[in-house]
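Asker: Dropping the structure in here first, questions after.
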């Protein structure tokens, strides 16, 4: 069924629920699990030492998010985590290609109907451009 499951996480409760569901599914089908978080790009014009400080803060925050995700996953050996600089939807879609994901799992904040269309949520961007199935967890 699924061999490579990718889950995007931003630290929000819906994204952490998505991590739990992705891990549960990965355990059930014996799939490899990849947990990805995106962080905002740092403008290069900041210069030294501000660029390095900003990058350290961003990566530290991303690592904290990944640690929360690992706590939700629990004891599962076949998992890897990545913090990638860039826009969330682009990062998730790119990582899905790199890892040959059979399934992408994302949390949703419960936005539906016209509001979702107007807001252009990251989950909807991923779902509309993904090359594999996308499971949205509420």
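Asker: Which one is modelled with the highest pLDDT, of the residues in the stretch 103-130 that are part of a loop (DSSP other than H, G, I, E, B) and out of contact with any strand residue (DSSP E or B) (no Cβ under 7 Å at 6 or more places or on another chain)? Give the derivation first.
Answerer: Just the residues of the stretch 103-130 that are part of a loop (DSSP other than H, G, I, E, B), to begin with: 108-112, 120-121, 130.
Retained after the next criterion (residues that are out of contact with any strand residue (DSSP E or B) (no Cβ under 7 Å at 6 or more places or on another chain)): 109-112, 120-121.
Values: 109: 71, 110: 50, 111: 49, 112: 52, 120: 46, 121: 79.
Taking the candidates together, the pick is 121.
Asker: Something else about it: Among the residues of the stretch 22-52, what is the count of those that are surrounded by fewer than 20 Cβ atoms within 10 Å (Cβ to Cβ), under 19 Å from the mean Cα position of the chain (by Cα) and either under 13 Å from residue 103 (Cα atoms) or modelled with pLDDT of 95 or more (or both)?
Answerer: 4
Asker: Under the condition of being farther than 11 Å from residue 122 by Cα and under 12 Å from the mean Cα position of the chain (by Cα), which residue from the stretch 86-102 is modelled with the lowest pLDDT?
Answerer: To start, the set of residues in the stretch 86-102 that are farther than 11 Å from residue 122 by Cα comprises 86, 94-102.
If we keep only those that are under 12 Å from the mean Cα position of the chain (by Cα) as well, we get 86, 94-96.
On the way: 86: 95, 94: 98, 95: 98, 96: 98.
Within the stretch 86-102, the match that is modelled with the lowest pLDDT is 86.
The values are calculated or read from the model by the stated rules, or taken from the named source; none is laboratory data. Values in this document were obtained by computation on a predicted structure and should not be read as measured data. FYI the Cβ positions are ideal-geometry reconstructions off the backbone, even for glycines, and counts take in every protein chain you see.
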